[in-house]
Amino acid sequence: MKPTLLVLAAGMGSRYGSLKQMDGLGPSGEAIIDYSIYDAILSGFGKVVFVIRHSFAEEFKKIFSKERFGGKVEVEYVYQELDCLPEGYTVPSFREKPWGTNHAVMMAADVIHEPFAVINSDDFYGREGFAAVADFLRGVEGKKGEYALVGYYLKNTLSDFGTVSRGVCAADAEGCLTGVVERTSIARKDDGKVYFTDKGQDFEVSEDSVVSMNFWGFTPDYFDYSAEIFRTFLDSDDVKVNPKAEFFIPYVADVLIRRGDASFKVLNCDAKWFGVTYKEDRPSVVAKIGELIEKGVYPRNLWG
């Protein structure tokens, strides 16, 4: 069995200012997605499923085609739109914001029937994470309710050009996730310490905290849980009045953990994350990719 990689690429990159999923950052025009897929293939993944939107589908599919990857991996596309809702539900008149990351995952229910990993399209995760989650997924084939989260150390996930939001993880003695607390406006201050902001006040957080970068491992039964919990989410009072309420993966994970329906093994990863949250991040990312190429981690022409 080869696991599948589900790439969440439907976001529009409002802070970045363009479709950062397709921005060529490598020397031969490679995007961050390319490096993730390259690492996934080396780690034993056999298929990639992209979650995109119809508004940029033609452009996206021209770039990230099956031919681009030289037949080394199967490629499929699914679509996340605001009106992709269960029967009997309609989009509230005030709603414009997408429904969130777990809604995006749900769009792949008809094309994924094997253990799979989920990543963001605009985050560089490092090969260690793909190797760890691939080993985990091969071990849970045929099982239910045994999932994983690849955890990164906060100090390795900060941006030099602005604040970031991170899900700070808590785990039990067995290394299983007990909760994810979303912290916003995280940055290293002039005193060298890391702080997050809550209600206008700064609070220190350990730079060695394990955080979620939205890198998860699931078996196909997760789709059934998601469909059930999504209906409850849509029926909630918050969704009826809050135009920004989102159906995030940690939201579903929290429900499943509290109910005892699933466990999430935390796979700690020492890799240094980088991404293009802000336009100013771009030169730094280009330089870091260049350093990895010089070290021989990646070829100069990834798919050549």
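The values are calculated or read from the model by the stated rules, or taken from the named source; none is laboratory data. Here the structure is a predicted model, which means the values were calculated and not measured. Glycine gets a Cβ as well: all are built from the backbone with ideal geometry, and neighbour counts include every protein chain shown.
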Answer residue from the range 132-174, given it is small (Gly, Ala, Ser) and assigned to a loop (DSSP other than H, G, I, E, B) and is surrounded by the fewest Cβ atoms within 10 Å (Cβ to Cβ) among those: 173
Being out of contact with any Phe, Trp or Tyr (no Cβ under 7 Å at 6 or more places or on another chain), farther than 22 Å from residue 265 by Cβ and small (Gly, Ala, Ser) is the filter here; which residues of the range 154-186 pass it? 165
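Residue by residue, here is whether (1) under 30 Å from residue 92 (Cα atoms); (2) of a type in the set (Lys, Arg); (3) touching a helix residue (DSSP H, G or I) at 6+ places or on another chain (Cβ under 6 Å); (4) in a strand (DSSP E or B) holds:
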| site | (1), (2), (3), (4) |
| --- | --- |
| 182 | yes, no, no, yes |
| 190 | no, no, no, no |
| 207 | no, no, yes, no |
| 228 | yes, no, no, no |
| 271 | no, no, yes, no |
Complete set of residues in the range 141-180 that are at pLDDT below 95, in contact with a helix residue (DSSP H, G or I) (Cβ under 7 Å, 6 or more places away or on another chain) and within 29 Å of residue 260 (Cβ to Cβ): 166, 167, 179, 180
Taking the range 34-62 and keeping only residues that are farther than 20 Å from residue 126 by Cβ, aliphatic (A, V, I, L, M) and surrounded by fewer than 15 Cβ atoms within 10 Å (Cβ to Cβ), one is left with 57
Can you work out which of the residues in the range 278-300 that are among the charged types (D, E, K, R) and part of a helix (DSSP H, G or I) is farthest from the chain's Cα centre (by Cα)? 294
Any chance the range 133-155 includes a residue that's hydroxyl-bearing (Ser, Thr, Tyr), over 20 Å from residue 7 (Cα atoms) and in contact with a strand residue (DSSP E or B) (Cβ under 9 Å, 6 or more places away or on another chain)? yes
Checking residue 281 against (1) among the charged types (D, E, K, R); (2) surrounded by 15 or more Cβ atoms within 10 Å (Cβ to Cβ); (3) at pLDDT below 95; (4) touching a helix residue (DSSP H, G or I) at 6+ places or on another chain (Cβ under 8 Å): exactly one of these is not met. Which one? (4)
Within the range 230-268, take every residue that is assigned to a helix (DSSP H, G or I), without any contact (Cβ under 8 Å) to a residue 60 or more places away in the chain and not hydroxyl-bearing (Ser, Thr, Tyr) and give me the one that is surrounded by the most Cβ atoms within 10 Å (Cβ to Cβ). 233
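This table checks each residue for (1) closer than 24 Å to residue 113 by Cβ; (2) in contact with a helix residue (DSSP H, G or I) (Cβ under 6 Å, 6 or more places away or on another chain); (3) β-branched (Val, Ile, Thr).
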{"position": "218", "(1), (2), (3)": "yes, no, no"}
{"position": "231", "(1), (2), (3)": "yes, no, no"}
{"position": "238", "(1), (2), (3)": "no, no, no"}
{"position": "245", "(1), (2), (3)": "no, yes, no"}
Quick check: anything in the range 103-112 at positive phi and not in a strand (DSSP E or B)? no
